[in-house]
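Each reported figure results from applying straightforward, stated rules to the coordinates on display, with no laboratory input. Owing to the predicted nature of the structure, the values given are computational and were not obtained by experimental measurement. Using ideal geometry, Cβ is built from the backbone for each residue, glycine included, and neighbour counts are taken over all protein chains shown.
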């Protein structure tokens, strides 16, 4: 019996070491993904800025929630063709409080409609692996009245997404332990970046530096380029953040969400996904 326990202990150490031994490409200390939600027209400028610095990002589109997406569909197809990830942000962008009154079937249809729109207008009818971003960061469908109902709603959302996309991003701390990503791939953390230039840069820098320190994966979330109020950053502020990423290139692997997620899934022991936790 002691020998058996010893073998189990050794195998456990081997598994733990394998899990902790993830090496990012090019010997980087951390991975960073730059994402943007909704499909604001100024995000086309964000794509150009990323390309200027040699990077590619992730753009989550909502054709019904942001009608300008339809207007600029040809431009967004070009963004995708230049190597950026263009992902699903639902068709109608239902978030609180609308989402609380929806069934999982209604939300699944809405997400499916956006998937069909992407296939026809962005992917040129050739399916492309991509991720999803929960509108408003809300990953719970239906009643918010109890812990049980919230847990059921989070499981329902993730369950039907698992048949459509291979990962989903929420809004949170922005930091992801690569060893936990396979199990948590339908609630990958991103950190919203907005405000005046100083605030936006300091918050982004802190998240980036923290990822380098901890060997984790950081996802930045942007919305429109504007005057720095609300959910915006100025073009100058955004450019400063992307320039900082370039200045730390020896420490960072900068890549779209889908690319980093797939790299982790290929290099970390597999585990089935679980329902997102709720409070």
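Summary of values
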| read-out | value |
| --- | --- |
| Tensor-based shape of the range 75-149 (alpha-carbon gyration tensor, a/c under 1.5 rounded, otherwise prolate or oblate) | prolate |
| Length-normalised contact order of the range 128-279 in % [C-alpha pairs under 8 Å, at least 6 apart] | 26 percent |
| Over 34 Å [Cα-Cα, the range 30-267], rounded percent | 10 percent |
| Packing rank of 24-34, 259-269, where each peptide gets the mean count of other beta carbons within 10 Å, highest leading | 24-34, 259-269 |
| Theoretical ellipticity at 222 nm over the chain - DSSP helices of four or more residues, -39500 (n - 2.57) apiece, nearest 500 | -13500 deg cm²/dmol |
| Normalised contact order of the chain, rounded percent, pairs of Cα under 8 Å and 6 or more residues apart | 25 percent |
| Ranked packing of 82-89, 123-130, 271-278, most packed first, by mean Cβ within 10 Å | 82-89, 271-278, 123-130 |
| Virtual spin-label span in nm between residue 96 and residue 70, 7 Å along Cα→Cβ | 2.9 nm |
